[in-house]
Amino acid sequence: MSTRADAGKPAPPWQTAAQPPETSDAIQALLAGYFQRLAEDASASRRDPSEAAAQAFRNRWLGRRQGVLQQLHETLLKPAPPAWKKALGQALNLLRREADALAEALEAAARQAAARQRLASEALDITLPGSPGAGRGAPHPLLRVMDEIVEIFAGLGYSRAEGPEMETAFYNFEALNIPPDHPARDEQDTIYLGPGLPGLLLRTHTSPGQIRVMQRQAPPLRVVVPGRVYRRDTPDASHSPMFHQVEGLAVDEQLSFADLKGTLEHFARVYFGTTRARFRPSYFPFTEPSAEMDVECFACGGRGGAACRTCKGSGWIEILGCGMVHPELYRFAGQASGRWMGFAFGMGVERIAMIRYGIDDIQRFYSGDLRFLEQFRD
Ligand code: DAH
């Protein structure tokens with residue numbers, strides 16, 4: 001290979017120089033030519049910042065067999081008269097070090113250029129629209145069911161509100177007319193947040209949302225409060241220490257139990273497609289009177305019998321608790337009691353989803369099993 005660096009070799013200095021090597025002018029002159037060629041070669045190589053060009057430069061100067069320095073060693077240093085050897089060796093070392101430094105700089109520049117190129121080719125254009133199709137996620141079935149419930153009430157003029165998951169005992173219990181000795185407050189049910197956060201707990205239901213909304217907003221109001229709730233439960237097919245509820249509250253001047261029934265029957269019709277519902281008397285501290293609502297089983301058409309797994313044979317499915325807002329609640333919420341009438345309801349999202357889709361185990365919602373989750377994709 002003919003190289004840029006080795007053309008026109010000058011004569012050995014001991015042939016041209018009359019002086020002994022101590023003054024070494026002849027060596028300086030000889031080496032100056034090589035230094036200049038080295039610099040020129042480096043700047044030419046810089047124009048192509050590739051690893052191959054840097055490697056070629058290194059080979060040209062420092063290659064073990066053909067490199068300029070090796071050739072100088074063979075043709076200049078080896079045959080030099082002993083008196084010249086030391087000074088000549090030192091001069092060649094300088095040239096070697098310079099060549100090595102320049103080769104390293106070229107290699108570093110090549111690596112940088114390669115990294116820049118890789119970054120440029122891997123750059124994402126985040127302004128491009130996303131591509132739908134395989135790999136696209138989908139809302140979790142619980143969020144989806146929760147949104148569907150909220151949406152049905154939105155059609156009736158209900159707005160959506162949220163409350164904190166970390167609650168005070170006042171909002172979770174007192175303000176809902178649940179006295180200190182009520183069993184629902186038991187540590188067996190309620191997850192208290194411990195000595196570091198006195199008086200705080202994880203809300204056991206979304207009902208505190210009723211009080212928070214009434215404190216913020218004067219009636220007339222219609223609101224749904226979806227969210228997570230927590231109870232000290234051992235996980236099994238129908239229990240989970242964390243689950244979801246949707247709370248509903250309507251307060252106005254003249255709301256009656258008939259409005260409550262009409263509203264919830266509308267919900268059941270839209271969501272389950274059922275036409276018949278029944279209200280069984282029940283008890284909640286924050287409603288009076290209170291009821292539990294059952295819808296006719298949509299799987300067996302209400303016929304019941306041992307064969308129907310959806311309603312376990314009764315022909316009816318319990319879907320929520322409800323009632324007329326207890327007069328005490330207006331007082332806790334700072335609203336004039338006596339003026340307002342309202343109703344409230346609360347439903348478990350998991351339960352509603354399990355009924356609707358025939359899901360047999362609540363844990364499936366939390367397992368992250370894509371075979372289950374993907375069935376709810378649009
Ligand atoms: N908070 C009750 C629970 O978690 C559900 C409930 C019942 C909410 C009746 C209500 C209601 O608003 O009126 O079991």
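Taken about its Cα centre, the chain carries a charge dipole of roughly 1620 debye when the Cβ of each Lys and Arg holds +1 and the Cβ of each Asp and Glu holds -1. One chain, two ends: TYR357 and GLN66. Fully extended at 0.36 nm per residue, the span grows by 96.8 nm beyond their Cα-Cα distance.
Stokes-Einstein diffusion for segment 74-117, with the hydrodynamic radius set to the Kirkwood value over Cα pairs and evaluated at 25 °C in a medium of 0.890 mPa s, equals 196 µm²/s. In this rough spin-label picture, where each label sits 7 Å from Cα along the Cβ direction, the ARG303-GLN36 distance is 10.9 nm. Taking a ≥ b ≥ c as the square roots of the eigenvalues of the Cα gyration tensor, segment 141-376 is oblate, since a/c reaches 1.5 or more and a/b is not larger than b/c.
How large is Rg over Rh for segment 70-170, taking Rg from the Cα atoms and Rh as the Kirkwood inverse mean of 1/r across Cα pairs?
Details: Rg = 36.9 Å, Rh = 22.6 Å.
The Rg/Rh ratio comes out at 1.63.
Close amide H pairs (under 5 Å, H built 1.01 Å from N) link GLY323 with ALA291, ALA344, residues at least 5 positions away or on another chain. Between ALA268, ALA11, ALA237, the GNM of the chain built on Cα springs shorter than 10 angstrom shows ALA11 fluctuating the most.
Please give me the summed charge of the neighbours of VAL270: other residues whose Cβ is under 11 Å from its Cβ, Lys and Arg +1, Asp and Glu -1. Could the numbers behind the result be given before it?
Numbers: positive: ARG269; negative: GLU148, GLU151, GLU265.
Taking every Cβ under 11 Å from that of VAL270, the sum is -2.
Is any helix in the chain, taking whole DSSP H runs, at least 15 angstrom long along its axis by alpha carbon and on average at least 1.0 on the Kyte-Doolittle scale, and which ones?
Working: long enough: 25-46 (31 Å, -0.01); 51-62 (16 Å, -0.55); 82-122 (60 Å, -0.33); 141-154 (19 Å, 1.06); 257-272 (22 Å, 0.17).
Helices passing the filter in the chain: 141-154.
What does the charge count around ASP361 come to, taking other residues whose C-beta lies under 14 Å from its C-beta (Lys +1, Arg +1, Asp -1, Glu -1)?
Values: positive: ARG309, ARG351, ARG364, ARG371; negative: ASP236, GLU350, ASP360, ASP369.
Local charge sum for ASP361: 0.
Can you check how the C-alpha radius of gyration of segment 21-128 compares to 2.2 N^0.38 Å, as a plain ratio?
Numbers: Rg = 18.9 Å, N = 108, 2.2 N^0.38 = 13.0 Å.
Normalised by 2.2 N^0.38 Å, the Cα Rg of segment 21-128 equals 1.45.
Projecting the Cα atoms of ALA99, LEU30, ALA52 onto the charge dipole of segment 13-122, computed from C-beta unit charges around the Cα centre, puts ALA52 farthest toward the positive end.
Once you divide the Cα radius of gyration of segment 140-201 by 2.2 N^0.38 Å, the number left is 1.49.
Note on ARG377 and SER238: the model spin-label points, each 7 Å out from Cα along the C-beta direction, lie 3.3 nm apart. Cβ crowding within 10 Å, taken as a proxy for footprinting-reagent exposure, orders TRP340, TRP316 from fewest neighbours to most as TRP316, TRP340. Less than 5 angstrom separates the built amide H of TRP316 from those of CYS297, all sequence-distant by 5 or more or on a different chain. Here the extension length gained between TYR283 and GLU74 equals 64.6 nm, from 0.36 nm per residue of separation less the Cα-Cα distance. For the chain, taking a cut-off of 4.7 Å between Cβ atoms, the unpaired cysteines are CYS322.
Values quoted throughout were computed directly from the atomic coordinates according to the rules given, and no laboratory measurement underlies them. As the structure is a computational prediction, the values presented were derived from the model and not from experiment. Don't worry about glycine lacking a Cβ; one is built from the backbone with ideal geometry, like all the others, and counts go over all protein chains shown.
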